[in-house]
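Beneath this line is the structure, given in structure tokens, with notes to follow.
FYI, it's all coordinate maths here, none of it is from the lab. Treat the numbers as computed from the prediction; the structure is a model and nothing was measured. Positions of Cβ are backbone-derived with ideal geometry, glycine not excepted, and every protein chain shown enters the neighbour counts.
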Amino acid sequence: MQSKFKILILLTSAMGAIAIIFGAFGSHYLAERLEPKSLSAFRTGVDYHFYHTLAMFCTALLYRIYRIKGLFYVGLYFLGGILLFSGSLYILALKDYMGWPIPRVFGLVTPLGGLGLMGAWAAIFFTVIRIKTD
């Protein structure tokens, strides 16, 4: 239990730091270099990255408080969703600027990441609803 909690907190802190770095990178460096549509996609990636990092943190705390094993995996779902959703938006936003030959099918990764994030929220709902309260 302790080690899984520690893993979630370490992953969450790394994801939070990366979200801040990417947000600053987008605002200060990319703002003048990307087309408006690409910059908007990058910013959407940062927003969702940060929101769901906070969700991961809350999930870690719920895991610590209620000791429900499934909450550890919900935290990992959030991580996977962030990596797929925000990560794909970062790559798609930067592909033209960086000259990366990304196949069009790669755009399907973003909705898969979104499904992962929705699944994590649904898993929290169904996990927490089972908690016995006074």
ask   = Do we have any residue at all in the range 49-66 that's in a loop (DSSP other than H, G, I, E, B), without any contact (Cβ under 8 Å) to a residue 60 or more places away in the chain and exposed (fewer than 14 other Cβ atoms within 10 Å of the Cβ)?
value = no
inquiry  = Can you find, within the range 24-80, the residue that is nearest to residue 7 (Cα to Cα) among those that are of a type in the set (S, T, N, Q) and out of contact with any Asp or Glu (no Cβ under 9 Å at 6 or more places or on another chain)?
reply    = 59
Meets criteria (exposed (fewer than 15 other Cβ atoms within 10 Å of the Cβ) and more than 25 Å from residue 22 (Cα to Cα)) for residue 130 = yes
key: Complete set of residues in the range 23-48 that are over 16 Å from the mean Cα position of the chain (by Cα), in a helix (DSSP H, G or I) and surrounded by fewer than 17 Cβ atoms within 10 Å (Cβ to Cβ)   = 24, 25, 27, 28, 31, 32, 36, 37, 40
task = Exactly one condition in (1) among the hydroxyl-bearing types (Ser, Thr, Tyr); (2) more than 11 Å from the chain's Cα centre (by Cα); (3) surrounded by 14 or more Cβ atoms within 10 Å (Cβ to Cβ) is not met by residue 86; state its number.
result = (2)
ask   = Pick from 75, 99, 107: which is surrounded by 19 or more Cβ atoms within 10 Å (Cβ to Cβ) and not hydrophobic (A, V, I, L, M, F, W, C)?
value = 75
ask   = Does the range 96-106 contain at least one residue that is under 22 Å from residue 2 (Cβ atoms), among the hydrophobic types (A, V, I, L, M, F, W, C) and in contact with a helix residue (DSSP H, G or I) (Cβ under 9 Å, 6 or more places away or on another chain)?
value = no
inquiry  = Among the residues of the range 67-80, are any over 24 Å from residue 13 (Cα atoms) and hydrophobic (A, V, I, L, M, F, W, C)?
reply    = no
